[in-house]
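Have a look at the structure below before the remarks.
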Amino acid sequence: MNIAAIVCSVVLALAALWSARDKVALKGRGWTSLRNRGYSEKTVRSIGIVEIVAAIGLIIGIFFGPVGLFACIVFMAVLIWAIGQHVTYGDYGNPDTRNIAFVPLGVLLLAIVTLVCVLAASG
């Protein structure tokens, strides 16, 4: 695996862990936002656990490529869901929530770059 794929995988794994932190602990802005939108503790923790599993998969993917590809795709699905939630609740048009709403877009861009790098390195 080339250096770009490794660096992108590690950075994306760190982003996934950062995103999961509030959800698993049920603390902070991530938890508060999802709770206010009607999500249960179990659902929010489950999302956080999926993000942690994706982070672990991205690191394993450095040594075994197919796991990294799958983990990247799973995390991209979570990010697309998050972006959909921000669109549904009008966060991109609200000056108070706009900045935080753009975070999943940036991380999705990193996930796409990571996916391309891992695919290029594998074949």
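Quick one: Karplus J couplings for the range 17-34, per residue in order, coefficients 6.51, -1.76, 1.60, θ = phi - 60°, nearest Hz, x for Gly and Pro?
Values per residue, Gly and Pro as x: 5, 4, 5, 6, 3, 5, 5, 6, 7, 6, 9, x, 5, x, 5, 4, 4, 5 Hz.
At q = 0.24, 0.28 Å⁻¹, what log₁₀ I(q)/I(0) does a Debye calculation on the Cα points of the range 17-56 give, no solvent, two decimals?
Ignoring solvent entirely, the Cα scatterers give -0.65, -0.85.
Using only Cα atoms, figure out Rg for the range 3-122 and give it as a multiple of 2.2 N^0.38 Å. The partial results should precede the final answer.
Values: Rg = 14.4 Å, N = 120, 2.2 N^0.38 = 13.6 Å.
It is 1.06.
Subtracting the Cα-Cα distance from 0.36 nm times the residue separation, let me have the gained length for residue 87 to residue 46 in nm, one decimal. Present the calculation step by step, with values, prior to reporting the outcome.
Values: separation 41, 0.36 × 41 = 14.76 nm, distance 2.16 nm.
Roughly 12.6 nm would be gained on extension.
R0 = 35 Å: FRET efficiency of residue 3 with residue 102, Cβ-based, nearest 0.05?
Values: r = 28 Å, r/R0 = 0.80.
Efficiency, from the Cβ-Cβ distance: 0.80.
Read-outs: derived from the displayed coordinates by stated rules, not from any lab. For clarity, every value in this text was computed on a predicted model and none was experimentally measured. Positions of Cβ are backbone-derived with ideal geometry, glycine not excepted, and every protein chain shown enters the neighbour counts.
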